[in-house]
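Trainee: Take a look at this one; I'll ask things after.
The values are calculated or read from the model by the stated rules, or taken from the named source; none is laboratory data. In this text the structure is predicted, and so the values were computed from the model without any measurement. Here the Cβ positions follow ideal geometry from the backbone for every residue, glycine too, while neighbour counts run over all protein chains shown. All accessible areas refer to the heavy atoms of the entire protein, side chains included, with ligands and DNA or RNA removed. Shrake-Rupley method; radii C 1.70, N 1.55, O 1.52, S 1.80 Å.
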There are 4 protein chains.
Amino acid sequence: DQPFTLFGGMNVLENRDLALRVAEQYKTVCAELDIPYVFKASFDKANRSSMHSFRGPGLEEGLRILADVKAEFGVPVITDVHEPHQVAPAAEVADVIQLPAFLSRQTDLVVAMARTGAVINIKKAQFLAPEEMRHILHKCEEAGNDQLILCERGSAFGYNNLVVDMLGFGIMKQFDYPVIFDVTHALQRPGGRSDSADGRRQQVTELARAGLSQKIAGLFLESHPDPDNARCDGPCALPLDQLKPFLRQMKALDDLIKGFEDLHIS
Amino acid sequence: DQPFTLFGGMNVLENRDLALRVAEQYKTVCAELDIPYVFKASFDKANRSSMHSFRGPGLEEGLRILADVKAEFGVPVITDVHEPHQVAPAAEVADVIQLPAFLSRQTDLVVAMARTGAVINIKKAQFLAPEEMRHILHKCEEAGNDQLILCERGSAFGYNNLVVDMLGFGIMKQFDYPVIFDVTHALQRPGGRSDSADGRRQQVTELARAGLSQKIAGLFLESHPDPDNARCDGPCALPLDQLKPFLRQMKALDDLIKGFEDLHIS
Amino acid sequence: DQPFTLFGGMNVLENRDLALRVAEQYKTVCAELDIPYVFKASFDKANRSSMHSFRGPGLEEGLRILADVKAEFGVPVITDVHEPHQVAPAAEVADVIQLPAFLSRQTDLVVAMARTGAVINIKKAQFLAPEEMRHILHKCEEAGNDQLILCERGSAFGYNNLVVDMLGFGIMKQFDYPVIFDVTHALQRPGGRSDSADGRRQQVTELARAGLSQKIAGLFLESHPDPDNARCDGPCALPLDQLKPFLRQMKALDDLIKGFEDLHIS
Amino acid sequence: DQPFTLFGGMNVLENRDLALRVAEQYKTVCAELDIPYVFKASFDKANRSSMHSFRGPGLEEGLRILADVKAEFGVPVITDVHEPHQVAPAAEVADVIQLPAFLSRQTDLVVAMARTGAVINIKKAQFLAPEEMRHILHKCEEAGNDQLILCERGSAFGYNNLVVDMLGFGIMKQFDYPVIFDVTHALQRPGGRSDSADGRRQQVTELARAGLSQKIAGLFLESHPDPDNARCDGPCALPLDQLKPFLRQMKALDDLIKGFEDLHIS
């Protein structure tokens, strides 16, 4: 059981300067705390509630910024794709490409992603049971890719709410792939604002602790220097100036949990 | 309040002969019962649980079959699309194009569909509240299309189960667009079989009655001459030989309901 | 398949005059519409959210009022009990005694009720699956009572919301006992007000139609001459002056549905 | 932030010898690990699924056994009550009396319990939102008791399943009363066996870790020397011989978490 990897960054690429600033902060803190680090940002928010919401710089400019972050800081990057044609260019830059939760059953996208040979982060859809994730794993395997990650991000719980079923981590770990936790999106309140999701960032440490208590392979986290003015999902974002104390706690927790012997209870 | 329209047909286009046979049966029964009719079939099942499952004839051959059905029986047709590039060719043949539930938040697909000018059937995602459908309607309207239909097909209820919230019809009707009910997919048990969804077709009349009791604009229904050997979603399909008695009841129910005065209870 | 029975009345017995007034209205309307009728009211609301909320006249005075209603109008009555010691006196007056949803698993109460020989209306708890109701039926049967009714009133759907699973009616009907629908309590929004449940009475006709479309044995309905000033559950109550047009529609719907042949779909 | 208290013991009092044996084991382990300890057992399982299931020794004999445990081991005890008349005798023996989840809205029981002056452990019902617990707290306070504990034990998640919303702990802690976690009952699968609930005891360490990661006041845990032959809720019980390694991990986790500074994220 190795230390957790942080897939950390920002929701959408607002601009190049901010991306570099955020990446630098993550890299510095992760280096100090000895946390393996992957920079995360989206080039396109393809499923915003409103058409007027900011979507991002798009594929070309977005990949350029991601390449700059890689070059500048020497960190691997992860980004999400939404259509098969984006997969190849994204995989040229990104070390990990991410399958969005809503799209996790779209066979053509899954197969196109798998064929790149990149590592694939599979977000668990809000409408899927943990056991059902095996179908998506199989699709990737059959397309020749076994560099797969499963990512929990909450389940639909009535209307306008998500709940994280902590027992789902254990079920997904039985598939023998790394399981990570997207604490940021699990904090969403879908439809909670007039034209976008609301969030519960004031509870991010609580929910992240619960996730890391599950002996998982990684944490997915979005931050922003000014969450109230973030262009997407600010209500879920960790204020960037809290990154270090936040991660210090998470690292200590993960270290402790990973040191526990397995109790085999049948 | 006009009589309901039937969006009826089969799940996936298994082959041309079967499509014609099914369409003929629907057309005959609907003519006898005076039910406005639109033929439904999919050219591609893009989100099957398993990669080995049958997906259909594909866009080109599928649209050819749909065109044949139109020509042969003089009925409008509806089919679903999954990527922006499919939208224009589909809208050339289909009178109504359908936005799949899982994809209902993908802005590019929604806008591409809206721009065709075709009527759009918007499936309500299993993870969305009825109130949230206004966002998708707005996207279409802003893209210049107000020929819109909202389609209920059940909400995620714990794992591996769907429930239809009957109060959602009333909420969605307040948007002043036609609201229809996809009884077939609401019968699914997601992840209920080892490699596909299970279904509850033995309860199709019960659930269809509940839906039509809501004074709605249409019913969406898939049938098959041999549900146990259907190539997709057989567990939810009405046996084709039950179509006439089934629809006779639904028509009588709809007629009664549409004749009721509105009781204004505040 | 006989016409539905109406278990209709008011939430809590506010006072004797109001009870008589309400009962008279129900009796008159049901007689005109040929609907079998049972008067319903509670002598104690034992599980109000707040201690300051009105609970009712209590067992003794409450049963006196119920006896007066019976004598005055010659109608059977139903009331709910909450502790074993209330069961015998309640059953002396009431023709049907009701097991509250929250208490439906309390064995001593169930057995005490069963032993009276009265008809028992078993409310399905918000946390039970339809299939689980057989356990409660078995408890009653083993205590020597098979005069049993099952009553749907909604399932917990996330926080602060209820949903009625229409497929549950069919599942419960397989137990071969009458299944009825408490439309009033299914309209609740638990915890929706600062010190009590909220409700959706403006949708009562819609939800009642859905229930009666299921070919059920009865409807449970609470009304009030002035819902905004009712002392309990006013947000769910039908305004009493709407009773006749409301029931006229329900009767017509039930008549139609009961006339349908069963379609045996396997 | 003090170390967590263990409310540990067995589900139902099967017999005196077993109770003493279980209590001794808990006491020894808790002393070694420096965990404050309260012995838990039920004298009556008042809401079993089946009438044929074992209910326990009853009030009188049960309280005698609890008194023996107190005398023999010098530990406080907690037990649950189901009717107002049980409250006074139970509070004479038990240091903490417990309000069952299904009964948590029954005002008379709540008030009777509050008036004893005993500490009250309030189980959160499976159908209540965390915010709604304030109503029950208020009832107790108004009855003159502020020695209150709130206990999470899972929320209804569709049919036959429970999920623990980790964010609920933080919400309930805002009421300024101790919040504890009943990991055992949160492992239930309601209606999962032909005549009783099923459980997921093989995941008890995972779920307990998640709970203790929330900086809570206590853990509620049931064990059994032979879970497969326990007379109630064996599928959820920790095997008694795993108690020490289990608690050692929980203590280490709690110590770490309680040492974290609060990050104030607004």
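Trainee: Looking only at residues in the stretch B:236-253 that are aliphatic (A, V, I, L, M) and touching a Ser or Thr at 6+ places or on another chain (Cβ under 6 Å), which one is nearest to the other protein chains (Cβ to nearest Cβ)?
Mentor: Across the stretch B:236-253, the extreme among qualifying residues is B:Leu238.
Trainee: From the list D:Asp95, D:Asp44, which residue is in contact with a strand residue (DSSP E or B) (Cβ under 9 Å, 6 or more places away or on another chain) and crowded, with 22+ Cβ neighbours inside 10 Å?
Mentor: Checking each option against the conditions leaves just D:Asp44.
Trainee: Search the stretch D:220-235 for residues being without any contact (Cβ under 8 Å) to a residue 60 or more places away in the chain, under 16 Å from A:His264 (Cα atoms) and more than 10 Å from chain A (Cβ to nearest Cβ), and hand back the single one that is surrounded by the fewest Cβ atoms within 10 Å (Cβ to Cβ).
Mentor: Here the answer is D:Asp226.
Trainee: Here's something else I'd like to know. Every residue in the stretch D:151-187 that is more than 27 Å from D:Leu243 (Cβ to Cβ) and among the β-branched types (Val, Ile, Thr), please.
Mentor: D:Ile171
Trainee: Somewhere in the stretch C:188-196, is a residue more than 14 Å from chain A (Cβ to nearest Cβ) and open to solvent by less than 20 Å² (accessible area, probe 1.4 Å)?
Mentor: No, the conditions are met nowhere in the stretch C:188-196.
Trainee: Also, quick follow-up: Can you name every residue in the stretch C:19-37 that is touching a residue at least 60 places away in the same chain (Cβ under 8 Å) and outside any helix (DSSP H, G or I)?
Mentor: Across the stretch C:19-37, the qualifying residues are C:Asp34, C:Ile35.
Trainee: Within the stretch A:58-81, which residues are of a type in the set (A, V, I, L, M) and under 19 Å from the mean Cα position of the chain (by Cα)?
Mentor: Result: A:Leu59, A:Leu63, A:Ile65, A:Leu66, A:Ala67, A:Val69, A:Val75, A:Val77, A:Ile78, A:Val81.
Trainee: Separate question: Check whether at least one residue in the stretch A:186-198 is out of contact with any helix residue (DSSP H, G or I) (no Cβ under 9 Å at 6 or more places or on another chain) and at pLDDT 95 or above, and report yes or no.
Mentor: No; the residues of the stretch A:186-198 include none that is out of contact with any helix residue (DSSP H, G or I) (no Cβ under 9 Å at 6 or more places or on another chain) and at pLDDT 95 or above.
Trainee: Hey, among A:Met133, A:Met172, A:Met113, which residue is more than 20 Å from B:Gly191 (Cα to Cα) and in contact with a helix residue (DSSP H, G or I) (Cβ under 7 Å, 6 or more places away or on another chain)?
Mentor: A:Met113
Trainee: In addition: Among the residues of the stretch D:206-219, which ones are within 13 Å of chain A (Cβ to nearest Cβ), open to solvent by 10 Å² or more (accessible area, probe 1.4 Å) and touching a residue at least 12 places away in the same chain (Cβ under 8 Å)?
Mentor: D:Arg209, D:Lys215
Trainee: Among A:Arg16, A:Arg55, which is open to solvent by 20 Å² or more (accessible area, probe 1.4 Å), under 18 Å from the mean Cα position of the chain (by Cα) and in contact (Cβ under 8 Å) with a residue 40 or more places away in the chain?
Mentor: A:Arg55
Trainee: Next question. Just checking, how many residues over the stretch C:105-140 are over 19 Å from C:Phe169 (Cβ atoms) and in contact (Cβ under 8 Å) with a residue 12 or more places away in the chain?
Mentor: 16
Trainee: Filter the stretch D:207-233 down to the residues that are outside any loop (DSSP other than H, G, I, E, B), of a type outside the set (Lys, Arg) and under 20 Å from D:Val29 (Cβ atoms) and list them by number.
Mentor: Once the filter is applied, which keeps residues that are outside any loop (DSSP other than H, G, I, E, B), of a type outside the set (Lys, Arg) and under 20 Å from D:Val29 (Cβ atoms), the stretch D:207-233 yields D:Leu207, D:Ala208, D:Gly211, D:Leu212, D:Gly218, D:Leu219, D:Phe220, D:Leu221, D:Glu222, D:Ser223, D:His224, D:Pro227.
Trainee: Please go through the stretch A:58-87 and pick out each residue that is within 14 Å of another protein chain (Cβ to nearest Cβ), under 18 Å from A:Cys232 (Cβ atoms) and open to solvent by less than 10 Å² (accessible area, probe 1.4 Å).
Mentor: A:Val81
Trainee: Looking at B:Leu256, B:Leu263, which is the one that is touching a Ser or Thr at 6+ places or on another chain (Cβ under 6 Å), surrounded by fewer than 23 Cβ atoms within 10 Å (Cβ to Cβ) and within 9 Å of chain C (Cβ to nearest Cβ)?
Mentor: Going through B:Leu256, B:Leu263 in turn, just one is touching a Ser or Thr at 6+ places or on another chain (Cβ under 6 Å), surrounded by fewer than 23 Cβ atoms within 10 Å (Cβ to Cβ) and within 9 Å of chain C (Cβ to nearest Cβ): B:Leu263.
Trainee: On the basis of being farther than 30 Å from D:Glu142 by Cβ and assigned to a helix (DSSP H, G or I), does C:Glu61 make the cut?
Mentor: Spelling it out, it is not the case that C:Glu61 is farther than 30 Å from D:Glu142 by Cβ and assigned to a helix (DSSP H, G or I).
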